[in-house]
Amino acid sequence: MLHLILKRSALAIPSLIGVVIVTFLLTRALPGDPAAYFAGPAASKEAIEQIRVTLGLDQPLLVQFGRYIADLARGDLGNSLSTGLPVATEIRTRLPASAELTLLGLLVSILIAVPLGIFAATNPGSILDHTCRVLTTAGVSLPVFFTGLVLVYIFYYHLGIAPAPLGRLDIYFSPPSRITGFFLIDSLIERDVEVFLASLKQLILPALTLAIFSLAPIARMTRASMLAVLGSEFVRTAKASGLSPGTVIVTYAFRNAMLPVVTTLGMVFSFLLGANVLVEKVFAWPGIGSFAVEALIASDFAPVQGFVLTMAVMYVILNLLIDILYGLIDPRVRIEA
Amino acid sequence: MSEASITPSAPTHGLAAILRHARYVIGENRVTGFAFSLFVLIFLAALIGPYVVPYDPLASNTTAALQAPSAQHLFGTDQLGRDVFSRVIVATRLDFAIAISSVVLVFLMGGLAGVAAGFFGGWTDRIVSRIADTIMAFPLFVLAMGIVAALGNTVENIVLATAIVNFPLYARIARAEANVRREAGFVQAARLSGNSEMRILLGHILPNIMPIMVVQMSLTMGYAILNAAGLSFIGLGVRPPTPEWGIMVAEGAAFMVSGEWWIAFFPGLGLMLAVFCFNLLGDGLRDIIDPQRRT
């Protein structure tokens, strides 16, 4: 098992190198003069030249790349132009907000999509099957920011049961002290039920928005792979041996059907991390996505670059974890390794 | 890859046979028929929309601001008194144009690179696969944001970014399809008759995998529209007051919490219908061209 994990981790290294090179190229090799840009519109030629030297932009590209790597190794992602603060600090403080939202969204989505897909596969042609098909087709067609706004209109404006879409916690509450950075967990650790409920209330709509968005691929894959497994010979044998339908579905079919679903999770995460940016903008969520969007509007490039790099590194690691999880579920992978 | 791609379909299919099959699929699958009519509607809106809308999409009229949908203003008016219906219809052309150009661009980049990778193998294959892998290492929307931010905030760069993030998909499919055909009978025959490799690639392999690429293009149109609208929603690319669905939803977002739902709702609906239409159409087209891959 350890051997498998090490082998998979080694496979992630070229991806990480690729990610670092691309994020570097995104700033340096592209049209436009970063020095003139950093100097501002009113700067003189000499001032621009001086900034070029300070930033090391007069050096060959390879030297600049070396500097970039050295900065990265020290965890330095540069400073934000508009706030003057280091990008790395800002991303570190904002990351838990995004992670809490994304993970809860994924959890809700799996809790709905997997049972739905199983029911649809075990009862083909039923109402649930049709619901599943409509949901999966509609789900991939819905722009995630649109779903979020419609939910806000219905649950906040119309029904008045959801709080205003303004961040992680109502201003009347003070956030729990920072332990994990996840408000739900931190408030539980502090046994502060009120804050827990308040932050859960804020989380429900954005998490639901993300869930609706990522539901489609998971439900579709569960249904398809469950159908394939149910038609296989070992399930027929299990049925013929007189096992109850429940045992056949849960212990025989489900475990095997989950393998392709776990693989789909990689793609789902790619969508989720992107959708997260849009959802954060809709709900004024103080995560790294809205940080990047604010920087984009202000043409502040260092935060955007740091954000793209962080997201890509996280995505590579997530894919690695999914691969390892796959190995845990499927003993065949372990034997091959 | 399915069995369909391993044995290339016989080239004896006449146009009549395809049409008959198409009519059968549309007749049997009403959803595809519905998607096709929706597509015609969207296409018409993009083509003649700007000439038939009741109001000027840019003309503001502050006395008629924030009116709810009525007979006079079908979809209501926005904060500047502009007619939302006219803006939604006129926006079709820009959204459609962005999606089509990015899909054509990614076909030219990814499709051709993939075909060459699958046909030539070796270094071409290694380079193309490496590029595709590197792009796949990013969450796609995030990479698109980064590209637009770096290249500059213009509509052209939105098209380019949308094309780049779809590159791996096209390159991989084209590569796999070209790969199974590189030693096919018709390729060897062409080679024996003295055609150059480049000529075989463009004249024999490419036309053979076109149907599969067309299905792919139709399926990615929806994603391209969503991607572009998402980028303009966060303020990249299209600038106000240009009518475009993503930016109109963004402009209407603030009014959602105060009850003026129509400003963001109708452009969002347009966006959803367009994406829905292309997804269904792509599925239907796949049923026509490649029935074995039906799910």
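The values are calculated or read from the model by the stated rules, or taken from the named source; none is laboratory data. All values derive from a computational prediction rather than experimental measurement. For neighbour counting, all protein chains shown are included, and Cβ atoms are generated from backbone atoms with ideal geometry for every residue, glycine included. Calculation scope for accessible area: heavy atoms of the full protein, side chains included, ligands and nucleic acids excluded. Shrake-Rupley method; radii C 1.70, N 1.55, O 1.52, S 1.80 Å.
In table form, for the structure just shown:
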item: Ellipticity estimate at 222 nm from DSSP helix runs (n ≥ 4, -39,500 (n - 2.57)) divided over chain A, nearest 500; result: -24500 deg cm²/dmol
item: 16 Å tail of the calculated P(r), the stretch A:57-148, as % of Cα pairs; result: 74 percent
item: Rounded to 10°, Cα long-axis angle of helix B:206-233 versus longest principal axis of chain B; result: 30 degrees
item: Where the stretch B:149-240 is the region considered: accessible area per residue in Å², 1.4 Å probe; result: 37 Å²
item: Interface size A-B, as summed buried accessible area [1.4 Å probe, Å², nearest 100]; result: 3500 Å²
item: Peptide ranges B:50-60, A:86-96 listed from the most packed, as the mean C-beta count within 10 angstrom indicates; result: A:86-96, B:50-60
item: Relative contact order of the stretch A:169-244, pairs being alpha-carbon contacts under 8 Å that are 6 or more residues apart, as %; result: 20 percent
item: Estimated [θ] at 222 nm from DSSP helical runs (n ≥ 4, -39500 (n - 2.57)) normalised by residues in chain B, nearest 500; result: -23000 deg cm²/dmol
item: Share of carbon and sulfur in the accessible heavy-atom surface of the stretch B:78-131 [1.4 Å probe, %]; result: 76 percent
item: 10 Å Cβ neighbours from other chains, averaged over peptide A:144-152; result: 6
item: By average C-beta atoms within 10 angstrom, highest first, the peptides B:119-125, A:285-291, B:33-39; result: A:285-291, B:33-39, B:119-125
item: Interface residues, the stretch A:1-24 - accessible area loss of 40 Å² or more versus chain alone, probe 1.4 Å; result: A:V22
item: Rg/Rh for the protein assembly as shown, where both radii come from Cα atoms and Rh is the Kirkwood radius; result: 0.97
item: Reachable aspartates and glutamates from A:K201, criterion Cα separation under 16 angstrom, eight or more residues apart if same chain; result: A:E100, A:D170, A:D186, A:D192, A:E280
item: Carbon plus sulfur fraction of accessible area for the stretch A:57-130, probe 1.4 Å, in percent; result: 70 percent
item: Loop chymotrypsin sites (Phe, Trp or Tyr not before Pro), the stretch A:135-233 (other Cβ atoms within 10 Å of the site Cβ: 10 or fewer; DSSP); result: A:Y172
item: Whole-number percent relative contact order across the stretch B:103-257, with pairs defined as alpha carbons under 8 Å at least 6 apart; result: 30 percent
item: Gyration tensor (Cα) of the stretch A:239-291, equivalent ellipsoid semi-axes in angstrom; result: 41, 11, 6
item: Length-normalised contact order for chain B - Cα pairs under 8 Å, 6+ apart - percent; result: 24 percent
item: B:L44-A:L184 pseudo-label distance in nm [points 7 Å out on the Cα-to-Cβ vector]; result: 4.8 nm
item: Chain B: translational diffusion in µm²/s, Stokes-Einstein, Kirkwood Rh over Cα pairs, 4 °C, 1.567 mPa s; result: 62 µm²/s
item: Partners for A:K7 among aspartates and glutamates (Cα-Cα distance below 13 Å; same-chain residues under 8 apart left out); result: A:D323, A:E336
item: Unit Cα scatterers, Debye sum, the stretch B:24-139: log10 I(q)/I(0) for q = 0.23 Å⁻¹; result: -1.14
item: Sparse-neighbourhood loop sites, trypsin sites (Lys or Arg not before Pro) in the stretch A:114-213 - DSSP loop, at most 11 other Cβ within 10 angstrom; result: A:R178, A:R191
item: Carbon/sulfur fraction of accessible area - the stretch B:164-273, other protein chains in place, 1.4 Å, %; result: 66 percent
item: Nearby aspartates and glutamates by direct alpha-carbon distance to A:K45 (threshold 13 angstrom, same-chain neighbours under 8 apart not counted); result: A:D33
item: Mean projection area, nm², convex hull over Cα of chain A; result: 22.7 nm²
item: Shielding by other protein chains, B:147-157, mean Cβ within 10 Å; result: 4
